[in-house]
Amino acid sequence: MSSHLLALSVGPVQEFIAASRRTRDLWFGSYLLSEISKAVARSVRIDGGKLIFPSPDNADELEPQTGSDDDARALNVANIIIAELKDRDPSVVVQNAKNAARARWRKFADDVFDDPKITRAIREEIWKDQVNDVVEFYAAWVPFNGANYPLARKRVTQLLAGRKNCRDFCPAKGRAKVPKSSLDGLRESVLVERRDDWSAKTKRSLRVRDGEQLDVVGVVKRAAGGDRPYPSVSRVAADPWLRGVKDDDLEPFKEVCASFGGNALHRLDTEIYPRYERFPYEGTAVYRNRYKELEEETGVDIKPLADALKALTDKHKEPNPYLSVLVADGDRMGPAISELKDIGEHQAFSKALSTFAESAKAIVREHRGVLVYAGGDDVLAFLPVDQCLSCARKLHDTFGELLKEQSKETKQELTLSVGVAIAHFLDNLEDLLNFGREAEKHAKNPQDDDRKPDGTKQEKRNGLAVHLLKRGGSPITVRANWSDDLDERLATMAEWLADGKLPTRLANELRGIADAYERWDDGNALENAIQKDALRVVGKKQPPSEGAMGNIGDMIRARVKNAATLKRFANELLVARQMETALRQIRHETAQGDDE
Amino acid sequence: MTTFLELTCRDPIVSRDGRPFGVGQGNRMKSVGWLLPSVVAGSLRTMIGKAAGRDFSDATAKDLLQMSVAGVFPVADGRLYYPAPNDCVVEKPDDGAKPAIHQGKLEAIRDGEGCDLPGGLAPVTLKGEDFKPGPKPDWWRDDHYAKWLVTDEKDFAFDETFLQAPCLDERTHVSLDPAAGAAAEGELFTTAALAATHLPRYGAKPDDLFSRRFAEIRLTARVVADGWCGEKVEPLNGVHPLGGERRLVHWRSVAEMASKWKCPPAVADTLSKKPTRLRMVLATPAIFCGGWKPGWLDAELRGTPPGASMTLQLKGVCIERWRAVSGWSLAEPRGPKPVKRMVPAGGVYFFDVVAGDASGLAERWLEPVSDDEQDRRNGFGLALWGVA
């Protein structure tokens, strides 16, 4: 029997990852997909396949995960697997891999169904309709005798793409009079109609809102893998404020949180999340506008918590509700993979990527964030606003460093583009993800009016984009190549603002001037007029403390040539203002003019 | 009796996906990308029932369900538009050069190669280079479509006559607390609707004039109805809601629309030349009893489409992942309808002609190929035919 190159793909990505209401849905869906991919890779390996992507050092790395490290769970095996088969029938290996994928999914689903506190909430007949029709699997293979690997890889990728053009599926076993899943509406809900007799444990496991409906995928994402809580977006948003609250004030509030005994407020495992030890509870606890929903979901009287929070916020103001969503993606990965000459080079490439994913885990943790997934060249994480830029820079630099050899080998500059969206934690999770992805797309592709500080065009890829999405008002976006040090500029401006060296309303006034000059033709007269106008405003403003107005003046002279350049400059100041809010909360101060 | 309708939208149109929405169910409406056929059929049947002063008894409902409703499609500058076919992929070069347009082809599997496609189908592939597909226009004018169906991708180019999906009109609503006169805590909900009066032009620059960025559109539907239903449809001219939330549309019958629903001469001419390999493109989503596989194909993937006379052998498929359709039934069992899975519009099926003559397919242009009779009457699976 001859040798083959085999390519496999697993899904459904959309249902597992994008259809989410709670952070746990998102995180567990991503983990689920990775575990199924791992089961496929493991099966191929057991059948004698030599794994190329992923390329684990030893078989243990493909064993089903049983540990308790949620960050490790966020380390993902991508849903594409490439392997070399020697003297094996590819169709048999593929069938075994398909069975392994389905068995892994069924293990998660069966564990949930067999849990008595969940079983009572499930309509068994609908569950059975759906449970065997979830995993998607596609495979293609080509002969490969060891020579001309790039050609064989290209051919098998082409065939797999052709295979995936036929998304074959079974007809639905739909049922009348049953509401559909609230997450994506694709299947009927498996939850029983009457919920008033659910136990506290059932409620705690499923955390469904009144009227919320979940199909088999939704229930597995919500309830599989135990009850251990995952940090919510509200916990991440509240982090700067919580760091600013003095211990003496926080302790009594924590005692009230603890008195609920986990019934209303999930307690984070501080061994897994030591960075949240200071306040190891859901962020919901510090946002009073979430209390109604908390009461709905848990059925617990929330009044003692409300009283304790009032005492705290009377002294420390309200926590700011914004957090950052970071989405990073490697640049020129496709062309680079096309340049890999043999299996060894591709395996080394896979290893470099998995080392990066490991590093990403540590970097996000250092920056007090929550990793949702890191696999291949992709990273998705939630971060406190004050930490997002330094985390983005560290990820970018680490990626470049770890893939330096591969850049040389493939003659492709392998860089990381990072998009950061700063948005309200109450925005729908699906929207938060989309905001992050939009920012990442922008990081890769500058728009026409994105320019370097000297007015020249920005290059594609190797970029950082920050999008600020305030509730009310259009998004404010800034983008630059990493070499332009946008991150440093924003951080410096935020520090100046927080130190009172710049007046907080300067950005809005500069935006106003930019709008007034919008339709003026470019030229020396315009440059002169707009600079003078902007400098007039700077000169008129009195910052609370001496310091940075001169620097701002210098920046205006160097950068502002017309309405577009002034607008970009003002946008940077506006983004910096959001970061200033976080800095002031850490310093236990309220930003001037901060109304949220 | 066949009647052609022109619909002019007054409001953004609500065509929701299956997620629960309403008090105590969900506070966020999600729109599908284009009106589902069943939404149009349901709204028209209600309009006709009301116009006839009927009581919506079982007998009335039975008559109304007999009406065949097809569409809607956009019409701009007097031309009909269809959804983009799946076998078109755009490669956008890095250097800003003109995008390359590729047409998917049935790929011959060489010795030793294989894939896990069902029934020995061949994969539909593009040229072998690695690239991330770029955006393609969502709606294609009938003459462009005809060209795509009878020729290959050579000399095919996109311009501003191609249109994009409708913009989404999202509105946030609050519930007022009557005692406080202010927004009630947590009572916030969002509706989403399709702005179906204009479609964005492909490649338009954001700072262009509105008229260069958007094409004004009407919608068109075809109705086959007999008896009292037919009598009410034929002279139709009135305002009635389309879709959810009672968003208003002007409906009127327009005889001159008939020619636009016919097979373009270039396609009819090509089909008359006894081609041996065909492409069937879904202009509306299809519902098949075999999921992705039409029920009119046997275990060997051989069969005859509804209303046609030749025998076809399925060779390859280029379809996106399934989507769900359900809805709300006012008839018993009243409540949410069961989910059905659809092959999305734009899906392409490749066939060999095994027996018979393909020329008859020109008469089957925009006729439904779904399996269930009622799904066909509801407009699911309208097919366009071409050669491969």
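Condition check for B:Trp385 on (1) more than 14 Å from chain A (Cβ to nearest Cβ); (2) part of a strand (DSSP E or B); (3) open to solvent by 10 Å² or more (accessible area, probe 1.4 Å): one failure, at (3). Among the residues of the stretch A:364-376, the ones that are assigned to a helix (DSSP H, G or I) and open to solvent by 10 Å² or more (accessible area, probe 1.4 Å) come to 2 in all.
Based on what the data block shows, is B:Arg334 within 13 Å of chain A (Cβ to nearest Cβ), open to solvent by 20 Å² or more (accessible area, probe 1.4 Å) and closer than 26 Å to A:Glu15 by Cα? Judged against the criteria, B:Arg334 is not a match.
Regarding B:Ala146, is this residue of a type in the set (A, V, I, L, M) and either closer than 27 Å to B:Lys315 by Cβ or part of a strand (DSSP E or B) (or both)?
yes
The set of residues in the stretch B:289-308 being more than 12 Å from chain A (Cβ to nearest Cβ) and either of a type outside the set (A, V, I, L, M, F, W, C) or closer than 19 Å to B:Trp365 by Cα (or both) consists of B:Trp296, B:Asp298, B:Glu300, B:Arg302, B:Gly303, B:Thr304, B:Pro305, B:Pro306, B:Gly307, B:Ala308. Within the stretch A:326-338, can you find the residues that are open to solvent by 10 Å² or more (accessible area, probe 1.4 Å) and either assigned to a helix (DSSP H, G or I) or modelled with pLDDT under 95 (or both)? Matches in the stretch A:326-338: A:Arg332, A:Met333, A:Gly334, A:Pro335, A:Ile337, A:Ser338. Just one of the listed residues (A:Glu251, A:Glu282, A:Glu255, A:Glu271) is more than 14 Å from chain B (Cβ to nearest Cβ), loosely packed, with under 14 Cβ neighbours inside 10 Å and in contact with a Ser or Thr (Cβ under 9 Å, 6 or more places away or on another chain), and it is A:Glu271. In summary, B:Ala183 fulfils each of the numbered conditions (1) open to solvent by less than 70 Å² (accessible area, probe 1.4 Å); (2) under 24 Å from the mean Cα position of the chain (by Cα) with the single exception of condition (2).
Number of residues in the stretch A:212-240 that are aliphatic (A, V, I, L, M) and within 14 Å of chain B (Cβ to nearest Cβ): the value is 3.
Could you please find all residues in the stretch B:338-379 being among the hydrophobic types (A, V, I, L, M, F, W, C), in a strand (DSSP E or B) and within 11 Å of chain A (Cβ to nearest Cβ)? Within the stretch B:338-379, B:Met342, B:Val343, B:Val348, B:Phe350 qualify. Among the residues of the stretch B:97-110, those that are part of a loop (DSSP other than H, G, I, E, B), more than 7 Å from chain A (Cβ to nearest Cβ) and either under 30 Å from B:Ile217 (Cβ atoms) or of a type outside the set (Gly, Ala, Ser) (or both) comprise B:Lys98, B:Pro99, B:Ile109, B:Arg110.
Can you find a residue in the stretch B:152-160 that is free of Cβ contacts under 8 Å to residues at least 24 places away in the same chain and surrounded by 13 or more Cβ atoms within 10 Å (Cβ to Cβ)?
No, there is no match, as no residue in the stretch B:152-160 is free of Cβ contacts under 8 Å to residues at least 24 places away in the same chain and surrounded by 13 or more Cβ atoms within 10 Å (Cβ to Cβ).
Among the residues of the stretch A:451-473, those that are in a loop (DSSP other than H, G, I, E, B), closer than 21 Å to A:Ala564 by Cβ and either at pLDDT below 90 or open to solvent by 30 Å² or more (accessible area, probe 1.4 Å) (or both) comprise A:Lys452, A:Pro453, A:Asp454, A:Gly455, A:Thr456, A:Glu459, A:Lys460, A:Gly473.
Kindly check whether there is at least one residue in the stretch A:395-407 that is open to solvent by 10 Å² or more (accessible area, probe 1.4 Å), closer than 29 Å to A:Thr565 by Cα, part of a helix (DSSP H, G or I) and not aliphatic (A, V, I, L, M). For the stretch A:395-407, residues open to solvent by 10 Å² or more (accessible area, probe 1.4 Å), closer than 29 Å to A:Thr565 by Cα, part of a helix (DSSP H, G or I) and not aliphatic (A, V, I, L, M): present.
Scanning the stretch A:121-172 for residues that are aliphatic (A, V, I, L, M) and outside any loop (DSSP other than H, G, I, E, B) yields A:Ile122, A:Ile126, A:Val131, A:Ala139, A:Ala140, A:Val142, A:Leu151, A:Ala152, A:Val156, A:Leu159, A:Leu160, A:Ala161. Scanning the stretch A:136-183 for residues that are open to solvent by 10 Å² or more (accessible area, probe 1.4 Å), facing chain B (nearest Cβ under 7 Å) and closer than 30 Å to B:Glu332 by Cα yields A:Phe169, A:Cys170, A:Pro171, A:Ala172, A:Gly174, A:Arg175, A:Ala176, A:Lys177, A:Pro179, A:Ser182. Of the helices (runs of 4 or more DSSP H) that lie entirely inside the stretch A:245-325, those containing 1 or more residues that are at pLDDT 90 or above and out of contact with any strand residue (DSSP E or B) (no Cβ under 8 Å at 6 or more places or on another chain) span A:247-259, A:303-316. Residues of the stretch A:340-350 that are charged (D, E, K, R) and crowded, with 16+ Cβ neighbours inside 10 Å: A:Glu345 alone. Just one of (1) more than 12 Å from every other protein chain (Cβ to nearest Cβ); (2) in contact with a Leu (Cβ under 7 Å, 6 or more places away or on another chain) fails for B:Ala165. It is (2). Number of residues in the stretch B:159-213 that are among the aromatic types (Phe, Trp, Tyr) and in a strand (DSSP E or B): the value is 1. If you filter the stretch B:121-151 down to residues that are open to solvent by less than 40 Å² (accessible area, probe 1.4 Å) and either at the interface with another protein chain (Cβ under 9 Å from one of its Cβ atoms) or among the polar types (S, T, N, Q) (or both), you find that the one that is farthest from A:Arg163 (Cα to Cα) is B:Gly128.
For the stretch A:81-93, the condition of being part of a helix (DSSP H, G or I), open to solvent by less than 50 Å² (accessible area, probe 1.4 Å) and either modelled with pLDDT of 95 or more or within 14 Å of chain B (Cβ to nearest Cβ) (or both) holds for at least one residue. Within the stretch A:522-539, one or more residues are open to solvent by 40 Å² or more (accessible area, probe 1.4 Å) and not in a helix (DSSP H, G or I).
The values are calculated or read from the model by the stated rules, or taken from the named source; none is laboratory data. Quantities reported herein were computed from a predicted structural model and do not represent experimental measurements. In this analysis, Cβ positions are derived from the backbone assuming ideal geometry, glycine residues included, and neighbour counts consider all displayed protein chains. What goes into the accessible areas is simple: the full protein's heavy atoms, side chains included, and nothing from ligands, DNA or RNA. Shrake-Rupley method; radii C 1.70, N 1.55, O 1.52, S 1.80 Å.
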